[in-house]
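Peer 1: A single structure is presented below for examination.
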Amino acid sequence: MFERDRFIADCRAALAADRSHRAVREVVARAVAEPAAMLRDLGEPRRAGLTRLYHSPELTILNLVWGPGMSIMPHEHRMWAVIGIYTGREDNIFWRRVGEEEEAAATVGRSRVEAAGARSLCTGDCAALGRDIVHSVLNPIPRLTGAIHVYGGDFFGTTRSEWDPETLREQPCDTARVMQLFEDANSALHPPGG
Ligand SMILES: [Fe+2]
């Protein structure tokens, strides 16, 4: 039976036993195997957003709710991540960096990315991402998607890059811009006066 404090304790114990994502992935996979229990504890998603369930220098656990049709530009984490879906669907595109060497002189090492693969995650699915992965996320369905994202580090205190959604050029990750995407999704979901 999923219970968030138990889940957080299990993730911390898993990380203490194995600094890689392996043991944490097992904890997340076990949790999303019972999505109804997660929905009972976390609540049926009502709004797009990002909720911190746990945050330390070694471990960050987020409850992420994606708005209908919401997408987020390619970005890196610079730490491993484990994603588990408890309601809805999340499509991940994986990207590879290209042109870093040729462009280094002109653009101070700013890279571009090109699509390298994809993975659809349905309710109950769990995926681990290595520390160098660049991914973008799309919620392809017309309702909210709820996912637990666990990161092997300080998600909020780490400098990282994102890639412009139009040009696919690297730029510093802007947290305010990302948070605005969630607010835009909520404005579409709950129009003022609607
Ligand atoms: Fe991500």
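Peer 1: For the range 11-143, what is the accessible area per residue in Å², given a 1.4 Å probe and the full set of protein chains?
Peer 2: Here the per-residue accessible area is 48 Å².
Peer 1: Report, as a whole number in µm² per second, the diffusion coefficient that Stokes-Einstein gives for the range 1-60 at 37 °C and 0.692 mPa s using the Kirkwood radius over alpha carbon pairs.
Peer 2: Translational diffusion coefficient: 265 µm²/s.
Peer 1: Gaussian network model of the chain, Cα springs within a sub-10 Å range: biggest mean-square fluctuation belongs to which of Ile133, Ile148, Ile83?
Peer 2: Ile133
Peer 1: Take the alpha-carbon centre of the range 23-38, take the same for the range 116-137, and report the distance between them in whole Å.
Peer 2: The range 23-38 and the range 116-137 have Cα centres separated by 16 Å.
Peer 1: Can you give me the long-range amide H partners of Val113? Hydrogens built in the peptide plane at 1.01 Å from N, cutoff under 5 Å, separation of 5 or more residues or another chain.
Peer 2: Hits under the 5 Å cutoff: Val98.
Peer 1: If you wrap a convex hull around the alpha carbons of the chain, what volume per residue comes out, as a whole number of Å³?
Peer 2: 121
Peer 1: What 222 nm value per residue comes from the helices of the chain, counting each DSSP H run with n ≥ 4 as -39,500 (n - 2.57) and dividing by all residues, nearest 500 deg cm²/dmol?
Peer 2: Taking each H run of at least 4 residues, the total per residue is -9000 deg cm²/dmol.
Peer 1: Return the single residue from Gly157, Gly146, Gly130 with maximal mean-square fluctuation; model: Gaussian network over the chain, springs between Cα atoms under 10 Å.
Peer 2: Residue with maximal mean-square fluctuation among Gly157, Gly146, Gly130: Gly157.
Peer 1: Right, next: On the accessible surface of the chain, probed at 1.4 Å, how many percent belong to carbon and sulfur atoms?
Peer 2: Heavy-atom surface of the chain belonging to carbon and sulfur, 1.4 Å probe: 51 percent.
Peer 1: Something else: GNM, the chain, Cα, under 10 Å: largest mean-square fluctuation among Ile72, Ile61, Ile85?
Peer 2: Comparing Ile72, Ile61, Ile85 in the GNM, the peak value goes to Ile72.
The values are calculated or read from the model by the stated rules, or taken from the named source; none is laboratory data. Quick caveat: nothing in here was measured; it's all calculated off a predicted structure. When the accessible area is computed, the model is the full protein with side chains, heavy atoms only, and any ligands, DNA or RNA have been set aside. Shrake-Rupley method; radii C 1.70, N 1.55, O 1.52, S 1.80 Å.
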